[in-house]
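Trainee: Attaching a single structure in structure tokens format; questions to follow.
Just so it is clear, none of the values below were taken in a lab; they were calculated from the coordinates. Please read all numbers here as calculations on a predicted model, not as lab measurements. So basically every Cβ, Gly included, is an ideal-geometry build from the backbone, and we count neighbours across all protein chains shown.
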Ligand code: MEV
């Protein structure tokens, strides 16, 4: 949709305000086990990907802008909410974004954008301690609040993964399988986040090209939870698969991990978040030699599948031939990162 808003001239700079720029970047995420179940407190396992989004913020303009355009709810819902929630000053913020995480693909584009924006705003606000350390627990909590206020539902899995980097386990009760990182709360809900070590898995993500909307899928599952005991059972089963996956992941046992991924896919189908375009990719790729397992990753209803394979090129080709877009993903890199503050040129 064309943006009807006028670009704001770069010369619209307010003299006399601090002319520092803060820059932060944050990665996308891949949910290995536990999407949707985590909203109800069942455990989940996720890792960051090597796709990243970078955000620059400064207070050198005379109005709130995003990439040179006046900020607008319809085009910049997460960014607008982030500024409203985090920036407690009157002076307007200019935001520049550079996204490396494909949108609505199930790989955490909105979390990466939110975490990077909140991180940059916290830095511009001088919230780091005397040694320059950032409060990651606070960043994870604020970023979750921004996502939740924007989407109206969901869990902190995406924002906490993007903040923490590496691999995490998360649950309504402490999963008890890693080292405690932080707790995240929302009204009367609470989640505990733990750091876990993950092996270097060879994963191909297949994007169906159908845009999956997280808020719609979360709301759909919520309706199922109210009406259908099979949905409640399937969510509990998904949580159990997260626990069963831990020894398989520790042993880097592709056969066991792949079987658990296939079971998770069936349970996600039962709760109603599959889509014909996703199922087509799963069916095609499961027939390819080298595939150990394939499942929806993220909210579903469109978006992507994750494939565990030791023949990534073959899996990628099959996904492409079936009409999807393959990405070879490396999991487990760094979480949020800040650049040193610099003066706006
Ligand atoms: C989306 O990436 C993961 C969901 O579980 C929603 C959430 O936890 O916020 C589907």
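Trainee: For residue 216 and residue 149, compute 0.36 nm times the residue count separating them, minus their Cα-Cα distance, and round to one decimal in nm.
Mentor: Values: separation 67, 0.36 × 67 = 24.12 nm, distance 1.44 nm.
Residue separation times 0.36 nm, minus the Cα-Cα distance, leaves 22.7 nm.
Trainee: Round to the nearest 0.05 the FRET efficiency obtained for residue 310 and residue 197 when R0 = 25 Å and r is the Cβ-Cβ distance.
Mentor: 0.75
Trainee: Kindly express, to the nearest 10 degrees and within the range 0 to 90, the angle between helix 77-86's C-alpha long axis and the longest C-alpha principal axis of the chain.
Mentor: 60 degrees
Trainee: Per DSSP helix of 4 or more residues, -39500 (n - 2.57); summed, then divided by the residues of the chain. What does that give at 222 nm, rounded to the nearest 500? Please report the intermediate quantities before stating the final value.
Mentor: Numbers: 9 runs with 124 residues, N = 345.
Estimated from H runs of four or more residues: -11500 deg cm²/dmol.
Trainee: Just rank 261, 341, 122, fewest to most, by other beta-carbon atoms within 10 angstrom.
Mentor: So the residues, fewest neighbours to most, are 341, 122, 261.
Trainee: Cα axis of helix 276-286 to longest principal axis of the chain: angle in degrees, 0 to 90, nearest 10?
Mentor: 60 degrees
Trainee: A further question on this structure: Explain nothing, just the number: relative contact order of region 262-333, from Cα pairs under 8 Å at least 6 residues apart, as a whole percent.
Mentor: After rounding, I find 28 percent.
Trainee: Return 213, 295, 263, 29 ranked ascending by Cβ neighbour count within 10 Å, so the fewest neighbours appear first.
Mentor: Fewest to most other Cβ atoms nearby, the residues stand as 213, 263, 295, 29.
Trainee: Still on this model: Using a 10 Å cut-off around each Cβ, can you sort 304, 77 from fewest to most neighbouring Cβ atoms?
Mentor: 77, 304
Trainee: Can you tell me the relative contact order of region 282-324? Whole percent, Cα pairs under 8 Å, sequence separation 6 or more.
Mentor: About 40 percent, as a whole number.
Trainee: Subtract the Cα-Cα distance of residue 67 and residue 325 from 0.36 nm times their separation in residues, and report this length gain in nm to one decimal.
Mentor: Difference between extended and current length: 90.2 nm.
Trainee: Using Cα springs under 10 Å in a Gaussian network model of the chain, which residue among 216, 131, 56 shows the largest mean-square fluctuation?
Mentor: Per the Cα network of the chain with a 10 Å cutoff, 131 tops the list.
Trainee: Using the basic label-point model (7 angstrom from Cα toward the beta carbon), what is the residue 317 to residue 283 distance in nanometres?
Mentor: Using points 7 Å along Cα→Cβ, the separation is 2.2 nm.
Trainee: Further question: So between residue 226 and residue 127, what do we pick up on full extension, going 0.36 nm a residue minus the alpha carbon distance?
Mentor: 31.4 nm
Trainee: Using the Cα atoms of the chain to build a convex hull, what is its mean projected area in square nanometres?
Mentor: Result: a mean projected hull area of 17.7 nm².
Trainee: Suppose R0 equals 45 Å. What FRET efficiency, 1/(1 + (r/R0)^6) with r the Cβ-Cβ distance, do residue 88 and residue 251 give to the nearest 0.05?
Mentor: 0.40
Trainee: How far apart, in nanometres, would the label points at residue 74 and residue 186 be if each is projected 7 angstrom from Cα along the Cα-to-Cβ direction?
Mentor: 2.6 nm
Trainee: Tell me the angle of helix 109-124 to the major Cα principal axis of the chain, expressed in degrees between 0 and 90 and rounded to the nearest ten.
Mentor: Roughly 30 degrees, rounded to the nearest 10.
Trainee: Return a whole-number percent for the relative contact order of the chain, with Cα pairs under 8 Å and 6 or more residues apart as the contact set.
Mentor: Result for the chain is 24 percent.
Trainee: Still on this model: Using only the Cα atoms of region 235-338, build the gyration tensor, take square roots of its eigenvalues as a ≥ b ≥ c, and label the shape rounded, prolate or oblate: rounded if a/c is under 1.5, else prolate if a/b is larger than b/c, else oblate. Don't skip to the end; give the middle numbers.
Mentor: Details: a/c = 1.28, a/b = 1.11, b/c = 1.16.
Here region 235-338 falls in the rounded category.
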